[in-house]
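The structure under discussion appears below in the form of structure tokens.
The values are calculated or read from the model by the stated rules, or taken from the named source; none is laboratory data. Treat the numbers as computed from the prediction; the structure is a model and nothing was measured. Here the Cβ positions follow ideal geometry from the backbone for every residue, glycine too, while neighbour counts run over all protein chains shown. For the accessible areas, the whole protein counts, side chains as well, though only heavy atoms, and no ligand, DNA or RNA atoms are used. Shrake-Rupley method; radii C 1.70, N 1.55, O 1.52, S 1.80 Å.
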Amino acid sequence: MVEKECPAVVSCADILALATRDSVVYLGGPSWEVGLRRRDSTTASRLDANNSIPTPSFSLSTLKQNFANQGLSEKDLVALSGAHTNIPLT
């Protein structure tokens, strides 16, 4: 529907980023400015994704290297790891 109304203007990636931010705010979390104008990928590769996404069995040094290979920092590693944990905060 969005593509029909705004062809080649709004990407699915932008919609997901905005929906994520708005969901966090709705649940009482912080807000942040979302950079827009992302471009959706025209191809996808399960093999590439599986080779780039860290597995639960990675050691800390392997995780650091994996994140560095993606241009991400140790701070990014901590933030993304914390966002993807099932450990309840008490």
With (1) assigned to a helix (DSSP H, G or I); (2) open to solvent by less than 90 Å² (accessible area, probe 1.4 Å); (3) of a type in the set (A, V, I, L, M, F, W, C) as the list, and L16 as the residue in question, which single condition is left unmet?
(2)
Restricted to the range 1-54, and to residues that are of a type in the set (G, A, S) and farther than 26 Å from N69 by Cβ, which residue is nearest to the chain's Cα centre (by Cα)?
A19
Hits in the range 49-64 (condition: of a type outside the set (A, V, I, L, M, F, W, C) and either touching a strand residue (DSSP E or B) at 6+ places or on another chain (Cβ under 6 Å) or part of a helix (DSSP H, G or I) (or both)):
N50, N51, S52, S61, T62, K64
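Going by the conditions given, is L77 in contact with a Phe, Trp or Tyr (Cβ under 6 Å, 6 or more places away or on another chain), of a type outside the set (V, I, T) and without any contact (Cβ under 8 Å) to a residue 40 or more places away in the chain?
Answer is yes for this residue.
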